[in-house]
Amino acid sequence: MMKKVLILSTPVGALSSGIGGGVELTIYNLIQEMQGRGHIIKVIAPKGSFFDHADIIEIEGNLHTPAQTQSRQTPVIMPDNSVLANMLDYAYQIQSEYDVIVNFAFDWLPFYLTPFFSTAIAHFISMGSLSDSLDQIMGKIATRFPYQFGVYTKSQADTFPFADKCQCLGSGIDLSLYQFQPQPKKQLAWLGRIAPEKALEDAVKASEITNIPLLIFGKIQDQEYWQTIQNQHPSAPIKYQGFLSTKDLQAQLRDCLGLIMTPRWVEAFGNVAIEALACGVPVISYARGGPAEIVTDGKTGFLVTPDSVEDLAIAIQRLPEINRYDCRQVAEDVYSLTAWGNRFESWLDSFI
Ligand code: HBI
């Protein structure tokens, strides 16, 4: 049955800016998948947002500070003329035209306002627990609306006191955009927002130890952090490839021996892991968070002791043991848009 879905985007940046990280890809794929199933889908997002084939309502206002840059005790902060407040104001005015609102903002306000809306709000949580004030309001709303909290993974849910009320949906990507490559070059990849919680420096050190070139892809979110890495590793065989479109990214990613993931925090999922698997590229990751649920140790990559650069280097030497076809197969079986779309759709059906 056709549904009318209204998406509330993240208030930290315009869609396609890269500031929203993995959530931008999740929203993009959700639009594509739901439209493909005949649903009507509209997005409310900060001014400057753009996706092809998407109906986006752009809202003025000041962007929010990324929650992961704040401390656990940070109180709820609302910028003046908050873009999120303006987005919610608009959603409130048009809510009766929709069967459900899907919120992707990892911010206090949409959780607090859930009981004031007549249209159900499904909250898709895109990170692990970061602050006491958010845990408190999310827990309160999850108790009143127990089926309306979706997450990527169980390890992400387990960071919250209301873990038992979270629906684990995993993620999905358009596999037709990723070409399988059986024969890699002698190079590694690192992919993600360049920011401290992603610990790029560990991958750079592993590249130095193994002397295998490391291609770095993604948005430089913290310029100073990136500069420090370069200053501290002047002779590391690294090359920054920029923040590329999926088409251009996978054209380089698929030629790599392996993707190195070095999450310092509990990565909620790690879309980059399934992008690599889709190209037949094994994934080496610290055994924590989402990647630990995506990678099968020894089959589609290696899970190593968190924060151990030495173990990264040992795993890199073992990459030829992995059958690259197995990596692509897992992507097709579990992380296709269709498989994920089925999970997402049955989640929404469970309460509307
Ligand atoms: N911070 N305040 C806030 N709100 C968000 O929606 C948000 C964020 N930090 C990161 C983020 N969203 C996304 O990049 C990740 O969820 C992927």
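Points to keep in mind about this one:
- Residues of the stretch 126-139 that turn out to be more than 15 Å from the ligand (Cβ to nearest atom) and either in contact (Cβ under 8 Å) with a residue 12 or more places away in the chain or outside the structural domain of G20 (by TED's automatic domain parsing) (or both), as a count: 1
- Hey, Q252 open to solvent by 50 Å² or more (accessible area, probe 1.4 Å) and closer than 22 Å to R318 by Cα or not: yes
- Test for I212: is it in the same structural domain as P306 (by TED's automatic domain parsing), over 28 Å from Y152 (Cα atoms) and touching a helix residue (DSSP H, G or I) at 6+ places or on another chain (Cβ under 8 Å): yes
- Test for V309: is it within 30 Å of I7 (Cβ to Cβ) and either of a type in the set (D, E, K, R) or surrounded by fewer than 24 Cβ atoms within 10 Å (Cβ to Cβ) (or both): no
- Inside the stretch 1-31, residues that are under 23 Å from K219 (Cα atoms) and more than 16 Å from the ligand (Cβ to nearest atom) make up a count of 1.
- One residue from A331, A313 being among the aliphatic types (A, V, I, L, M), assigned to a helix (DSSP H, G or I) and within 21 Å of the chain's Cα centre (by Cα): A331
- Within the stretch 141-229, strands (runs of 3 or more DSSP E) holding 3 or more residues that are open to solvent by less than 30 Å² (accessible area, probe 1.4 Å) and touching a residue at least 40 places away in the same chain (Cβ under 8 Å): 188-191
- Whichever residue in the stretch 51-84 is within 13 Å of the ligand (Cβ to nearest atom) and among the hydrophobic types (A, V, I, L, M, F, W, C) and, among such residues, is nearest to I137 (Cα to Cα): V76
- A122 vs. criteria of a type outside the set (F, W, Y), crowded, with 20+ Cβ neighbours inside 10 Å and away from the ligand (no atom under 14 Å from the Cβ): yes
- A search for C-beta distances below 6 Å between a residue of the stretch 62-74 that is surrounded by 15 or more Cβ atoms within 10 Å (Cβ to Cβ) and any residue that is of a type outside the set (A, V, I, L, M) and assigned to a helix (DSSP H, G or I), counting only pairs 6+ apart in sequence or on different chains, returns Q68/E197.
- Single condition L88 does not satisfy, out of (1) under 19 Å from the mean Cα position of the chain (by Cα); (2) among the hydrophobic types (A, V, I, L, M, F, W, C); (3) within 15 Å of the ligand (Cβ to nearest atom): (1)
- From the list I94, I44, I40, I59, the one residue that fits, being more than 21 Å from the chain's Cα centre (by Cα), closer than 19 Å to H123 by Cα, open to solvent by less than 30 Å² (accessible area, probe 1.4 Å) and modelled with pLDDT of 95 or more, is I94.
The values are calculated or read from the model by the stated rules, or taken from the named source; none is laboratory data. Fair warning: this is a prediction, and the values are worked out from it, not measured in the lab. Neighbour counts are summed over all protein chains in view; Cβ atoms, including those assigned to glycine, are modelled from backbone coordinates with ideal geometry. For accessibility, only protein heavy atoms count, side chains too; no ligands or nucleic acids. Shrake-Rupley method; radii C 1.70, N 1.55, O 1.52, S 1.80 Å.
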